[in-house]
Each structure stands twice: as C-alpha cells, then as structure tokens.
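Encoded as structure tokens, the structure appears first; notes follow it.
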Amino acid sequence: MKEKQWPGVRDRWPEDGGARNPIRCRLYIMFAGAFMIAMISTSLLAQEPASASTHTRTEFHFTANGSFEQVAPLFGANEERKWAPDWNPQFLYPIPAHDQQGMVFRVEHGDHSSVWVNTAFDLAAGHIQYTYVLNDAMATLIEIHLTRDSAQKTGVTVLYERTALIPEANEHVQHFAKGDEKAGKEWEDAINGYFTKLRGEPGKK
C-alpha cells in the first residue's frame, strides 16, 4: 500500500537548501544534537529523587522464662496486654478481639494512629509477623521467631525494619530505630516480670 506524503514536506525543506547544502546540513545536525542532549539531561535530572528514603534494620534477642507453649501466645496482639500495660490495640478484625492470622487493629501514638495487619501467626512454628503504616510516612515490619531453649526457657528473636515513605520522615525513622536498639531489654523485663507475678515469685531485678 502506498503511503501518503506528509503535508508540507517540500515547503519545510526547500529544494535549494537543507540536505543539498552540506554546510547548512551540518549546522542543522549540530543544533539538533545539542538540543537532544539538553532535553535528555533535563529529563534525567527531573527523574532523580530529591533524597533517598531511610531504611533501618534492627534485631535483638532475649530469653523468656517460660515454656514455648506459654510464651508463644503472648505475642498475639490481644494477649500482649497481659505483659505490656501500655499496649492497647483497638481491634477492627476480628470482633470480639481474638488473636489469629490476618487480624487488623489500630494503635494510637499520641496525636497519631497506625493501622496494623498481622501477616503471620504460626504459634506451632514460633513465627509471628506484623506490619503497619504510621501517618502515611513510615512503614514498619516486625518479625518474631521463637525457639525452644529448654523446658522453661524460650528464645525470642525480634527484627524491626522501618522505611520512610516521604523524605520528611527520614529523621523520624532514625529516631524510632534508636528506640528499637533498646527494646530488647524492655521486652525481656516486661515479659519475665509477667511470669514472675504469675508464679507468685518475689520480684527480681
């Protein structure tokens, strides 16, 4: 099939110039090349992010003074109330509140709030995982793994991964990460304090 000629071709490239004039042709090519380089450079600069998102990864380990069967359920969002007095999740699913895989709840952080989703709740394997987003600014993943160290000792390994979703949150992610570094001792004291009271033993420091 014969294609139609683009309208005005002869008018835009006169017979007595353009490709038939080698000097003018070279000037056109040089100008076009410089123009294309400038356009590509501008496009690449526009695509570069203003700043990279901060991502932190913090892991800690401690030993809980209870059997695997006693300790594992305590990392469910609802059961955690037993050993973390300031923890007060507002369940959205299921209702009434019950620990299960896929549970969804809201947590207040002062004037802000976050929605948490449980993405793994395998108590038999000792694997619990949560993820939440705070203020559309920071995403957090919390991974918990438990091991049977002995009849009354359970190893607990916790991993926090935090990512800034906007540049303004980079500093806040770093601040939260510093708190994560100290959380191991706080979790250990809180959960073992719970077992001490449960057994009616005298307080330990």
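The values are calculated or read from the model by the stated rules, or taken from the named source; none is laboratory data. Quick caveat, the model's predicted, so the values are computed rather than measured. Neighbour counts run over all protein chains shown; Cβ positions are idealised from the backbone, glycine included.
Do we have Q129 as without any contact (Cβ under 8 Å) to a residue 60 or more places away in the chain and crowded, with 17+ Cβ neighbours inside 10 Å here? First the steps, then the outcome.
On the way: without any contact (Cβ under 8 Å) to a residue 60 or more places away in the chain: yes; crowded, with 17+ Cβ neighbours inside 10 Å: yes.
Taking the combined requirement at face value, the residue satisfies it.
Taking the condition assigned to a strand (DSSP E or B) and either touching a His at 6+ places or on another chain (Cβ under 6 Å) or modelled with pLDDT of 95 or more (or both), does V173 pass? Can you show your working first?
On the way: assigned to a strand (DSSP E or B): no; either touching a His at 6+ places or on another chain (Cβ under 6 Å) or modelled with pLDDT of 95 or more (or both): yes.
In short, no.
Does T163 satisfy the condition of being touching a Lys or Arg at 6+ places or on another chain (Cβ under 6 Å) and assigned by TED's automatic domain parsing to the domain that holds V115?
Numbers: touching a Lys or Arg at 6+ places or on another chain (Cβ under 6 Å): no; assigned by TED's automatic domain parsing to the domain that holds V115: yes.
No.
Picking from V158, V173, which residue would you name as being within 26 Å of P73 (Cβ to Cβ) and surrounded by 14 or more Cβ atoms within 10 Å (Cβ to Cβ)?
That would be V158, the only listed residue that is within 26 Å of P73 (Cβ to Cβ) and surrounded by 14 or more Cβ atoms within 10 Å (Cβ to Cβ).
Looking at (1) over 26 Å from A97 (Cα atoms); (2) of a type in the set (V, I, T); (3) surrounded by fewer than 17 Cβ atoms within 10 Å (Cβ to Cβ), find the lone condition where V117 falls short.
(1)
Could you please tell me which pairs satisfy a Cβ distance under 9 Å, a separation of 6+ or placement on different chains, a first residue in the range 81-92 that is within 19 Å of V115 (Cβ to Cβ), and a second residue that is among the polar types (S, T, N, Q) and surrounded by 15 or more Cβ atoms within 10 Å (Cβ to Cβ)?
Sorted first by the residue in the range 81-92, then by its partner, the pairs are P89/N78; F91/N78.
What are the residues in the range 166-205 that are out of contact with any Leu (no Cβ under 9 Å at 6 or more places or on another chain) and aliphatic (A, V, I, L, M), if any?
I166, V173, A177, A183, A190, L198
If I ask for residues that are touching a helix residue (DSSP H, G or I) at 6+ places or on another chain (Cβ under 9 Å) and small (G, A, S), which ones from the range 98-124 would you list?
Passing the criteria: only A124.
Could you tell me which of the residues Y194, Y160 is among the aromatic types (F, W, Y), part of a helix (DSSP H, G or I) and at negative phi?
Y194
So V71 ticks every box in (1) under 30 Å from G200 (Cα atoms); (2) without any contact (Cβ under 8 Å) to a residue 12 or more places away in the chain but one. Which box is left unticked?
Only one criterion in (1) under 30 Å from G200 (Cα atoms); (2) without any contact (Cβ under 8 Å) to a residue 12 or more places away in the chain is unmet by V71, namely (2).
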